[in-house]
1. Quick check, is K331 charged (D, E, K, R) and touching a strand residue (DSSP E or B) at 6+ places or on another chain (Cβ under 6 Å)?
2. Just a yes or no: is a residue in segment 136-159 outside any helix (DSSP H, G or I), out of contact with any His (no Cβ under 7 Å at 6 or more places or on another chain) and within 22 Å of R570 (Cβ to Cβ)?
3. Restricting to segment 114-153, what's the tally of residues that are buried (at least 21 other Cβ atoms within 10 Å of the Cβ) and without any contact (Cβ under 8 Å) to a residue 24 or more places away in the chain?
4. So how many residues does segment 161-183 have that are part of a loop (DSSP other than H, G, I, E, B) and in contact with a helix residue (DSSP H, G or I) (Cβ under 8 Å, 6 or more places away or on another chain)?
5. Taking D201 and the conditions (1) on the phi > 0 side of the Ramachandran plot; (2) crowded, with 24+ Cβ neighbours inside 10 Å, which numbered condition does it fall short on, given that it satisfies the others?
6. With respect to I266, is the statement that it is crowded, with 19+ Cβ neighbours inside 10 Å and modelled with pLDDT of 75 or more true?
7. Consider A379 carefully, then state whether it is free of Cβ contacts under 8 Å to residues at least 24 places away in the same chain and either out of contact with any Leu (no Cβ under 7 Å at 6 or more places or on another chain) or of a type in the set (K, R) (or both).
8. Return the pairs, sorted by first residue and then second, in which the second residue is of a type in the set (G, A, S) and surrounded by 18 or more Cβ atoms within 10 Å (Cβ to Cβ), the first residue lies in segment 357-369 and is within 13 Å of L414 (Cα to Cα), the beta carbons are less than 8 Å apart, and the residues are 6+ apart or on different chains.
Amino acid sequence: MAIKQRLFRLVGRFMGDLGDLSTDDQRAVRGWCVYDWANSAFSTSITVAILPIYFAAIFTSEFHTGGPDFLGSTLGAETLWAWTIGLSALLVAVSSPILGVIADRAPLKMWLLRTYASAGALFTFLLLFSAYTGHDWAWLLGCFFIANVGFAGSCVFYNSLLPHIVKEEYYDDVSSRGYAYGYIGGGLLLAVHLVILVMFDYDDLVTRLALASVGLWWYGWSLYTFATIPEPHVENPLPSLGVVDSTKLAFTELGETFKEISKFKILFTYLIAFLLFNDGIQTVLAQAGVYAIVTLGVGSTTLIGTILLIQFVGALGATLFKWIADFTSTKQSLMYTLVVWIIVIVLATGFAIEEPSEKEDFDYQLIYDSSTETYSVEAVPDLGNGKADLAWEDLVGDWDPDDENKSTMQADELAFLIEQILTGDGQRFSLYYDLTTTLDANFVIGPDHPSQLGDEELDAIPIWMRDNVWSPLGLSASLQFVLVGMILGLVMGGSQALARSIFAYMTPESRSFEFFGFFGVSIRVSTVLGPLIYGWLAFQYDARVGVLSLAVLVLLGALLFFTIDVEEGRRVAIESDKNNNSESSS
């Protein structure tokens, strides 16, 4: 008990107070915000930063250049990872509205939150044991699938608690606090993970311990949430029914809800607008790393550092746009974030780097040694464990400046490397090599190197940006990514917090779990449809076309959102609550 009281006092001092709320309400708000702190470690360390890289390494170490067979085709690591995310999101999308209806009619809200969160944290912790199963990659994928269901499902019920813990005038403040502390919590644990992983040179056991620690962090901090948020009151309780009858009733009431779409037309219109602009936002966040590596050649250190930076800037952005909402309105503040999102995406379309000119700018750097008539390998590209990189190493050789057996290249090996960069599989690389011991040098730049522009549909945009913005400002590839990443982080926190707040504002409190189930569906659909749209356009044209299509999605969502009368939506919600209360008392 003493430990729990000390934890309550610690969190209370950390979170600060909210206006004239009672002590119990203050504690419930803190508990609600702490859950974002708790589960955000999953979305950073597990979904984005560590597990995808570890899974790919384990998978390729078993299959090298292939994968398991499925319907006559070979499944790669990227496909399996994408399917796992999509199928787990689909499961939550289908089930959350049904469970939401039941939760609105029975005292099960906190139980559902605890169940999803506990399952997610448990299977995150179980990632630790992958090395002892004999099927490492399959264990990692299966545990991640269940953990992601727990994460996504808990978020649905966590979001729907907002109208039950504070009055509407606090929605913006509390929603923004939740996201701010989520970004800080996830960022802090990720920073610790990266320091430890670098110290131990990404040792396998240390990596698995880092993954498992996310489950402990998630569940440990969630205990505060479970202890401080009371079960919301049920206005129109469900009769004592079994599982089958409860499910039938849920489908019946969902059918009634769809019949009432005209009554809640504003709320459902907002859901469509949210689906559109969130589709663009979530796909940007999911694809940013890969896009930066391919388009800008950004290194892993810059990429991970920017992810950390975005987490902490996101916390600042959530608070900043809450203040803007106080001075204008929540709708206006969200509109401002969407406008900035469009600008960010257009800037990302214009990412461009200068052609390498100095020796240090090239992927391969070779120096001629006249005494041996060979070339000393001083630098090579930072290759990963993907199928293409492994095939490239097999083709041209696994060169390593730090290994004396792999640091000297013969003239014929250099000639073959040059041929492959110009016309073969290495057209994304660049090569610097000198011909003599003097300063005379030659270089080769592959046609698919990030600096080579002019052949694709939208290359006019990055060419113009390079000539008129990036070069005059002296912004290298890494600085372009960091700058746009900081702007992205600033609006990321504000847009997500305010979007949730507006939905809560227009949702009847007596049906919050049902409607937040639909809100959860919109979020999950965004994680499935957006990447499919991006991937198809990138495949048909190029990545810049895919990125620009995301700006179109955000623009369409913003235009639809602009037409929504938020105050009228609130009036309908209040009227619905009054009707439900009168039916319950009669």
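The values are calculated or read from the model by the stated rules, or taken from the named source; none is laboratory data. Quick caveat, the model's predicted, so the values are computed rather than measured. Cβ atoms come from the backbone with ideal geometry, glycine included; neighbour counts cover every protein chain shown.
1. For K331, the condition - charged (D, E, K, R) and touching a strand residue (DSSP E or B) at 6+ places or on another chain (Cβ under 6 Å) - is not met.
2. The answer is no, given that none of the residues of segment 136-159 is outside any helix (DSSP H, G or I), out of contact with any His (no Cβ under 7 Å at 6 or more places or on another chain) and within 22 Å of R570 (Cβ to Cβ).
3. Here the count works out to 1.
4. Of all residues in segment 161-183, those part of a loop (DSSP other than H, G, I, E, B) come to 161, 166-167.
Subset that is in contact with a helix residue (DSSP H, G or I) (Cβ under 8 Å, 6 or more places away or on another chain): 161, 166.
Count: 2.
5. (2)
6. Details: crowded, with 19+ Cβ neighbours inside 10 Å: yes; modelled with pLDDT of 75 or more: yes.
Yes, satisfied.
7. Working: free of Cβ contacts under 8 Å to residues at least 24 places away in the same chain: yes; either out of contact with any Leu (no Cβ under 7 Å at 6 or more places or on another chain) or of a type in the set (K, R) (or both): yes.
For A379, the condition - free of Cβ contacts under 8 Å to residues at least 24 places away in the same chain and either out of contact with any Leu (no Cβ under 7 Å at 6 or more places or on another chain) or of a type in the set (K, R) (or both) - is met.
8. Y364/S430
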